[in-house]
Amino acid sequence: MDKIIETVLGVTISIAVAGVIFVGANLWFDQLANSWVRFRAITGAVLGSAIVVVLVGTDVLAWTAGDWLLVPVGAVVGLGIGLAMALIPSRTPRLLVTGLGGLAAGALTTAFALSKGYPALEPLALVLWPAVGAAVLVGLARLRGHGPLPAAFTGLWIGWLLGAFAVPALGEGTATEWLIAAGVLGLLAGIRFGWDDPEPYVRRMVLADRSRAAIFLAPALLFIAATLVIPAIRTALLSFFDRRGEELLGFDNYVFIFTDPEIFNLSDWRSIFTSGIFIWGALAIVLGIVWAIWAGRQTGHRTRFTPSSTGLTLIGGFLVLTAAFAFLRGTIFNNLWWVLYVVGIATGLGLAIAVLADRIKAESVAKSIIFMPMAISFVGASIIWRFMYVARAGENEQTGVLNYLWVNLGLASYGQTTGATITIVVLALVALGLLVAAIVGWRAKRNALAIGSLVSLVPVVWFIFQIINGVGGARITEAGELVQDPYLFFTDQPWNNVWLMVVLIWIQTGFAMVIMSSAIKAVPAELIEASKVDGATESDTFWSVTIPQISPTIGVVVTTLIVLVMKVFDIVNVLTNGNFDTQVLANEMYQRAFTEFNIGLGAAVATVLFISVLPVMYVNIRRMQEEAV
């Protein structure tokens, strides 16, 4: 009960504070147009106190019970500078007042500065950095057609900040050096803030209107900065340090990532080209291209990729990449394998189900069932599938659903029981139906139906022969006994990665289906009718009309899934915890940082993960901007 009360009080106080800040910000900027002096005074006081709070929060200034007046002092100094900026119309005396005020404020911090922040000033840095800052900002101001002097003082101020506090070693200087560094910094800042003349009334009205957007966006931007931007920057900085975040190592952590065989392993790359999967994939690609060339010559073109030839080529590419990821091992390649399988299969299944469900009466029921896994957390789904995959050794009865079916199929096939006979008969009927569909498709010149049926016929026929010869989770020992032989989903490397991917595919197929179903329903009926009038088949209409119309939606689904898959963590952590060569980047980062307590390496892995997602986010944002235009 106490926890509930604390939570309710925390939420209430947070909402109240947010409301006060929001109302106060509106009242503050209400003064911008009609009371310039008051606005400048409030702005100075707020900035002065905020600077003190930041300096105290970052352990630059000391904070004890007796120093509670430090924030009001900062507010008073800021208030004085703000009033000087608003009340003194002439620039020269205004600069004198604001500059001296900044100098005094900077010098005042010496009384509260901690010795660990004293900079060991370097004359070259104090000259070079301000000069570079002024030169860069003056050049930018010239390009934008603005005056050079304000830009020069801004550059001097920023350059001095870097040269005095970022470049030299902190904690090795003296109080005098702090006095010089902080005093000059305050002087330059005061001069820069006092340079601008009071804004005319019309300009203030424009600024007041624009400030509303900033007020509404500020809480969200502050939240994003506090929870995302600042931690991301800090993580990137920590990636250059040692395991305790103390000693600077440079790029050593990144070198380790791309040289550790558990994370990045290319040693077995030659085996890719001799694997059966690669050979079949390459053959499919060649046949797809040959088919496209043949179809192109029939229409007077060099090539013409029909849906069938395109599908065959894509399947070949899928198999080739599968072979590559099966032999290129390590965390990074596992992540890429997840992207290929989860994104490709979930998007393809979602599209297929969206098209097929649109033609049945119980569309909403079917879609609800397929979408249902989206309501389950990744951890919950992982536990469900763990029970599906579990295998029991010896003569114990299998409790995992998949192994129960697999073992009993094996026992039935080896024993040639009634169950095996029934299975063979059912599969034979399925094979006959596929053969009939292929013949019908060939006669009707529906290549997709003919080829799809023949391709589906191959594994069915193969499985029939396997059952006849004995297949499934059983084997005959040397003593001639028939025993269980369950499949070990979690330890069968490297295919155990695929069984983990099935969980995420199961969850995300419903998401892809719902999004693409909405896009398909939004395709103008006039375009479909026009294609049918022109003699297009249903397949031609789908591939030539529907797919181009929903391609932006497919792009959104693909990019969304890529970002999701790149940071997958829960499924791997629950099912294998990265063991048996199933590690992914997010779980690698967690283990390095919070299990091995190697902060630097964990931060480097997190940074690699962040950088890998950025290109996808950039493409997605660019697409949304183009659609908005």
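The table for this structure:
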item	result
Lys, Arg +1 and Asp, Glu -1 on Cβ, resulting dipole of segment 168-239 about Cα centre, debye, nearest 20	340
Compactness of segment 155-299 as Cα Rg over 2.2 N^0.38 Å, two decimals	2.05
Candidates per GluC sites (Glu not before Pro) in segment 292-399, loop by DSSP, up to 13 other Cβ within 10 Å	Glu395, Glu397
Restricting segment 235-305 to trypsin sites (Lys or Arg not before Pro) in coil, as DSSP defines it, with at most 13 other Cβ within 10 Å	Arg244, Arg302
Contact order normalised by residue count of segment 127-221, Cα under 8 Å, 6+ apart, percent	26
Convex hull per residue volume in Å³, alpha carbons only, for segment 101-166	87
q = 0.23 Å⁻¹, segment 532-629: log10 I(q)/I(0) [Debye, one scatterer per Cα]	-1.11
Cβ-based charge dipole, the chain, positive-most Cα from Thr109, Val202, Ile233	Val202
Rg followed by Dmax, in Å, when the chain is reduced to its Cα trace	34.0, 106
Of all accessible heavy-atom area on the chain, the percent that carbon and sulfur account for (1.4 Å)	71
Options Phe511, Thr595, Ala606, ranked by Cα towards positive dipole end of the chain, top entry (Cβ charges)	Phe511
10 Å Cβ shell holding at most 14 others, DSSP loop, chymotrypsin sites (Phe, Trp or Tyr not before Pro): longest site-free stretch of the chain	259-494
Charge dipole magnitude, Cβ of K and R +1, D and E -1 - the chain, Cα centre, debye nearest 20	1860
Pairwise Lys count, the chain - Cα closer than 21 Å, eight or more residues apart or different chains	4
Estimated translational D of segment 468-519 in µm²/s (Stokes, Kirkwood radius over Cα pairs; 10 °C; 1.306 mPa s)	111
Semi-axes of the equivalent ellipsoid for segment 64-124, Cα gyration tensor, largest first, Å	27, 19, 6
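The values are calculated or read from the model by the stated rules, or taken from the named source; none is laboratory data. Remember, it's a predicted structure, so these values are computed and weren't measured experimentally. Here Cβ is always computed from backbone atoms with ideal geometry, including for glycine, and neighbour counts include all displayed protein chains. The accessibility values were calculated without ligands, DNA or RNA, using every heavy atom of the protein model including side chains. Shrake-Rupley method; radii C 1.70, N 1.55, O 1.52, S 1.80 Å.
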